[in-house]
Amino acid sequence: MLGEALRLIRVFHDCKTSELAEALEISASYISEIESGKKTPSMEILNKYADFFETKVSAIMFFAEDVDKKNKKKSKAAIRKTLIKFLQVMERATAD
C-alpha cells in the first residue's frame, strides 16, 4: 500500500496533486497513478517525496507497511493510530 501511504501523506499536508507534481517535476497524472497503485514509484521519486515532505524514505516505507496491515481491517481508528505513529516517526526523523 505504498501508493495509499503516499496519498495519505500528501493529503495530511493539505497538498494538491498539481502542487506536488510541480515540486517533484513529474506529471499530476503520474502521481495519481502512483497513489492509486497503478504505478510503483522509483527510489528517485520516493526520495523526492521524502525531501518535499521533510521526512526520510524509511519513515515513508514504515508508514506504508503499517497502512497495509491496518487497511485489511478497514478501521478508521486503526488508520488514525497509524497516522499518529507515522507523525511521531517524522518528528524524530526531522529532529536529527
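Contact annotation: residue pairs with Cβ atoms under 9 Å, 6 or more positions apart or on different chains, pairing a residue in the stretch 42-56 that is closer than 13 Å to residue 3 by Cα with a partner that is in a helix (DSSP H, G or I) and among the basic types (Lys, Arg), are 49/10.
In the stretch 21-60, the residue that is nearest to residue 85 (Cα to Cα) out of those that are in a helix (DSSP H, G or I) and among the polar types (S, T, N, Q) is 58. Has the stretch 69-80 got any residue that is open to solvent by 80 Å² or more (accessible area, probe 1.4 Å) and either modelled with pLDDT of 90 or more or among the hydroxyl-bearing types (Ser, Thr, Tyr) (or both)? No, because not a single residue in the stretch 69-80 is open to solvent by 80 Å² or more (accessible area, probe 1.4 Å) and either modelled with pLDDT of 90 or more or among the hydroxyl-bearing types (Ser, Thr, Tyr) (or both). Contact annotation: residue pairs with Cβ atoms under 6 Å, 6 or more positions apart or on different chains, pairing a residue in the stretch 17-33 that is open to solvent by less than 60 Å² (accessible area, probe 1.4 Å) with a partner that is among the hydroxyl-bearing types (Ser, Thr, Tyr) and assigned to a helix (DSSP H, G or I), are 28/17; 28/18; 31/17. Of all the criteria given as (1) part of a helix (DSSP H, G or I); (2) modelled with pLDDT of 95 or more; (3) not acidic (Asp, Glu), the one not satisfied by residue 63 is (2).
Each residue in the stretch 34-53 was checked for being open to solvent by 20 Å² or more (accessible area, probe 1.4 Å) and within 18 Å of residue 93 (Cβ to Cβ), and 5 of them qualify.
The values are calculated or read from the model by the stated rules, or taken from the named source; none is laboratory data. Computed from a prediction, not measured in an experiment: that's the story for all the values here. All Cβ positions, glycine included, derive from the backbone under ideal geometry; neighbour counts span all protein chains shown. Side chains are part of the model used for accessible areas, which takes the heavy atoms of the whole protein and leaves out ligands, DNA and RNA. Shrake-Rupley method; radii C 1.70, N 1.55, O 1.52, S 1.80 Å.
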